[in-house]
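Contents: one structure, followed by commentary.
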Amino acid sequence: MRVVLGFAAGLLFGVGLVVSGMSDPAKVLNFLDVANWTTTWDPSLAFVMGGASVTAFVGYRLAWRRSAPVLMDDFDVPSSTAVDRPLLTGAALFGLGWGIGGFCPGPAWTALPLMAPGTLAFLPAMLFGLWLGGRAKASPLFAGASA
């Protein structure tokens, strides 16, 4: 049952990304181009993000009223609240990748069936970056940083 509901939630999320235009890198890049350097700024994704934020806010408030999730024994909540170098580095790299490619991970996967060259270049680069990030996390560079 958990797998079926997870699939349904993922499918709903993917359809929402496609309907909202988040899987179109041109639309995302037009939103990110607030200085109008290459295109006309498109603020429409702010409404998508605002709607997602309100939905998440309400959803979390309802979920936290329960003693445990419906399909698990307890909530899987991160224990660290530290704002440290790995967090800031990861956030900066995520933002750079989003700004350069026009994708973040969810919309990139939903755009894969379109087989656009940008998607076909972004996804392998993203997977390599995830692998490299895991290796970097284990390196001495991040030794001593909060995890």
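The values are calculated or read from the model by the stated rules, or taken from the named source; none is laboratory data. What you see is a predicted model; the values in this text were computed from it and never measured. Positions of Cβ are generated from backbone atoms using ideal geometry, with glycine treated the same way; all protein chains shown enter the neighbour counts.
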Tell me which of these Trp109 doesn't satisfy, since it passes every other one: (1) surrounded by fewer than 13 Cβ atoms within 10 Å (Cβ to Cβ); (2) at pLDDT 85 or above; (3) closer than 25 Å to Leu17 by Cβ. (1)
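Listed here are the residues, each with its yes/no results for (1) hydrophobic (A, V, I, L, M, F, W, C); (2) within 25 Å of Ala125 (Cα to Cα); (3) touching a residue at least 60 places away in the same chain (Cβ under 8 Å).
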| residue | (1), (2), (3) |
| --- | --- |
| Ala63 | yes, no, no |
| Ala68 | yes, no, no |
| Leu71 | yes, no, yes |
| Asp76 | no, no, no |
| Ala82 | yes, no, yes |
| Leu88 | yes, yes, no |
| Ala91 | yes, yes, no |
| Gly99 | no, yes, yes |
Being part of a loop (DSSP other than H, G, I, E, B) and in contact with an Asp or Glu (Cβ under 8 Å, 6 or more places away or on another chain): is that true of Ala35 here? no
Among (1) surrounded by 10 or more Cβ atoms within 10 Å (Cβ to Cβ); (2) over 20 Å from Gly6 (Cα atoms) - the single one Pro43 does not satisfy: (1)
Quick one: is Asn30 surrounded by fewer than 10 Cβ atoms within 10 Å (Cβ to Cβ) and either under 21 Å from the mean Cα position of the chain (by Cα) or over 14 Å from Gly102 (Cα atoms) (or both)? no
